[in-house]
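J.: What follows is a single structure, and I will ask about it in a moment.
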Amino acid sequence: MLAALPSPQEVLALRPSAEASERAEALLRKNSEIGLTLEEQAEWDEIKRVEHLVRVAKAKAALKLKPA
């Protein structure tokens, strides 16, 4: 559990690990070449879901930093 919420700057600095990026690229490549197994498709769907949530969080963080 988080002790405190991250600051807008911390949210904007979020990046996937090298391992996570490599896995996503591998799944994307495999999907375009031969397709994914059901298990891999579920993993890809989860990656896309998390990416969407992070994008939304970053957009909200950017709005908080925007001068009024």
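J.: Please list the equivalent ellipsoid semi-axes of the chain, computed as the square roots of five times the alpha-carbon gyration tensor eigenvalues, in descending order and whole angstrom. The partial results should precede the final answer.
T.: Working: eigenvalues 186, 31, 22 Å².
Those come to 30, 12, 11 Å.
J.: Specify which residue in the list 24, 14, 34 is farthest towards the positive end of the charge dipole of the chain, using unit charges on the beta carbon of Lys, Arg (+1) and Asp, Glu (-1), about the Cα centre.
T.: After comparing all options, I get 14.
J.: Additional query: Give a residue-ordered list of calculated ³J(HN,Hα) values for the stretch 41-56 (Karplus: 6.51 cos²θ - 1.76 cosθ + 1.60, θ = phi - 60°; whole Hz; x for Gly, Pro).
T.: Listing the rounded values in order: 5, 5, 5, 5, 4, 5, 4, 5, 5, 5, 4, 4, 4, 5, 4, 5 Hz.
J.: Continuing with this model, one more query. Explain nothing, just the number: dipole magnitude of the stretch 8-65 about its Cα centre with +1 on each Lys and Arg Cβ and -1 on each Asp and Glu Cβ, in debye rounded to the nearest 20. Don't skip to the end; give the middle numbers.
T.: Details: 10 positive and 11 negative charges, 100 e Å.
Taking the Cα centre of the stretch 8-65 as origin, the dipole is about 480 debye.
J.: Cα-based count: Lys pairs in the chain below 21 Å, eight or more positions apart or different chains?
T.: Numbers: 30/48; 48/58; 48/60; 58/66.
The result is 4.
FYI, it's all coordinate maths here, none of it is from the lab. Computed from a predicted structure; not experimentally measured. No Cβ is skipped: glycine too gets one built from the backbone with ideal geometry, and neighbour counts run over all protein chains shown.
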